[in-house]
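Remarks on the structure that follows.
The values are calculated or read from the model by the stated rules, or taken from the named source; none is laboratory data. Small disclaimer: the values here were computed from a predicted structure and weren't measured. We place every Cβ from the backbone using ideal geometry, glycine too, and count neighbours over all the protein chains shown. Calculation scope for accessible area: heavy atoms of the full protein, side chains included, ligands and nucleic acids excluded. Shrake-Rupley method; radii C 1.70, N 1.55, O 1.52, S 1.80 Å.
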Amino acid sequence: MVRMAQEISPLLLIYCYCICFFPNFYVALVQVSSNNAKSPASCEWGLEGSNIYVNAGAGTDIVSSGFSPLEPYQTIDYAVKQAGPCQTIHVMAGIYQNKNFGTGNENNDAVINMEGVSDLIIKNYMSDKPVVEFDGKGGFIGGSISNPVINVEISGIEIIGPNGSILWEQAMANRLAENKSYYGGRGIAIWKGNNINIHNMVVHHCPASAIRVNRGDYVTIHNNTVYSNTWWSRSAESAIVLAQSEHIDESNAFKMRLTHNFVYDNVNKIPYYNPTYVWNYSPIGGLNCGNYAECEEGLLSCPWQCRYGKATQNYIIDGSGVYVTRNEDTYLFGQMEVSYNTCHGNGINGVVFHRTNRGTVNQNIIYSNGIVPTLEPEEHVEDWHAGASGQPRQPYSGLVLNNAESMKLWSNKVAARYETDFAFQQVKDNSGSSPPLQAGGNNKVCNGLVSINPSTAVTAVHDLSVCGIVKASSSGFPSSSPTALPTHSPSSSPTTQPSYISMVPTLYPVMQPSSLEPSFERTPLTLELSLFISDIALQMKPNKKGTKWQPKITFKLKDEEKKQVGGATITLSWNTTFANGASKSGTVAKTTPSNSKKLGIAKIKLPAFKLTGKKATDLIDVGMISILADGYYYRSELNSLYDEHCPLFSFLCPVLTIALLSE
């Protein structure tokens, strides 16, 4: 992505200098689907003696082991306890389980205790595919006020929870009982910490959240595949969560990033229950529940809003794909970004910003969420629907900004499940009017309603392929009343997905919810990018009124053997916003030649425009939509933010900013 903006940094000046004197300056080498990550800044990694090795099948947990692949530790937890500052734990192939796994104990501890862990990388060894499997509190769990998690990276590991072994009846019995950890385990949960980087993970079948960080700052959750989670917890959780974040400095840069994640089939199948709620309290609805005697008696005639979180709640209105929540009072400095995620088949919405300010939601693909019933007959009736029968879910199944201010909304593609659902929705307490977006545009809605201020930020389209969606049948989108079919059993199978649409994901090949194959098995490709700007714009005074700007981008697509790949189609989106308020947008595609000297090379020239010379700055966004090669779709890791908080050419920083100040 290339964006001209109002701020300029020292690294940016270096970048512009290179552009000026080297017109074909090499911009980035991108490994699509690789384990690229920014290491914690306080460490010098890779020093002699800094590597630790773990092998579940051939290791020994004794102090003298661990420093060679030939003499590894046996468990990740032991390795974490033995690790010193700035070390890397290499996890070799194998299955790593919590103590007492499979014994029937429903209150087991986590596989890896992360309490107080700092300055540590935990990653898969070379190309190994290790698995962390749990039936207790979870996979990687820890962090507290007294022992936060600081400067930690976790990558390249598959985490599997016990969802497939739990039945709805068991989870409902646990709802009002002891709440055993077996029914509420999480894949990764950091309860307090900063400088946390979680990437290239596959996390699935966890009863509660897959990946969540509470009370954090400088958090990146990137390029993970997260599916079939949140089924059996009573805690109303979502798949990927940032909650109650706490700033550790006063920087207003992008510090919290949820990007390039593939999130699907994460559904709450158990009604929320909070045993600390007193009978006359409810956080929703605005009712004075103390005025209703039937609420004190615990009757179903109590208003549904007052039964939220109580034993009598018999509906489900929680559980989404990506959820950023309750940050407005604790996160006063810094920006949050949710970009380039694909979210479908989740319980309520795909992406939600809730009570969180200063957020950017950019180029997400969101479709066919809202799996929780609306009380209309479902196409496939499942046993857990009985716990959602007392009240329909809210009519949202897309992207929601709930009491969120200073928001930017760019180039998202959203299709609600039903035509009567909101695909884009802004919500304000007490039916108040939502504040207008700080910036936004080029958003597309392919199905459903829109309530965004201003409405011009979203455009309705009738061609589903614009949103990356193709029809699976000629019937198109369903009405709000699908036909009921017999109950499917057992309930531990993946949640039934609507059959009316399918999608071509743009990060890796299509994965069905029933597949347990980790995403990093997809074939990697390398994309080389060169950026050329027309000569006029290379002058030292590029802000002069009437100056022409025309990016020309050259792509070279290569396979693992560094051979250039022909016949691949590269698709870009672009959006130009001028300081005078005018805007233009479009898409452009180019196929790499298959049989010439330019094998695998695509050159794309974007439309030229003239700078307006106004006080405000002209902007141009160039975003990668997809790469189609050999029948597989990929989404590029091209997007980098070059500022003082991000090393030049870092692969985790999602927006490249080039500043050309106006006069």
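Table for the structure above
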item: Cα gyration tensor shape for segment 69-213, rounded if a/c is under 1.5, else prolate or oblate; result: prolate
item: Spin-label model distance (nm) - F333 vs E379, 7 Å beyond Cα toward Cβ; result: 5.0
item: Cα shape, segment 356-459, gyration tensor, a/c 1.5 rule; result: prolate
item: Lys, Arg +1 and Asp, Glu -1 on Cβ, resulting dipole of segment 200-288 about Cα centre, debye, nearest 20; result: 240
item: Segment 386-462 - percent of accessible surface contributed by carbon and sulfur, probe 1.4 Å; result: 46
item: Per-selection metrics, segment 242-311 (Cα): Rg and Dmax in Å; result: 18.5, 51
item: Three-way shape label, segment 235-386, alpha-carbon gyration tensor, a/c 1.5; result: oblate
item: In Å², nearest 10: area of S65 left accessible to a 1.4 Å probe; result: 10
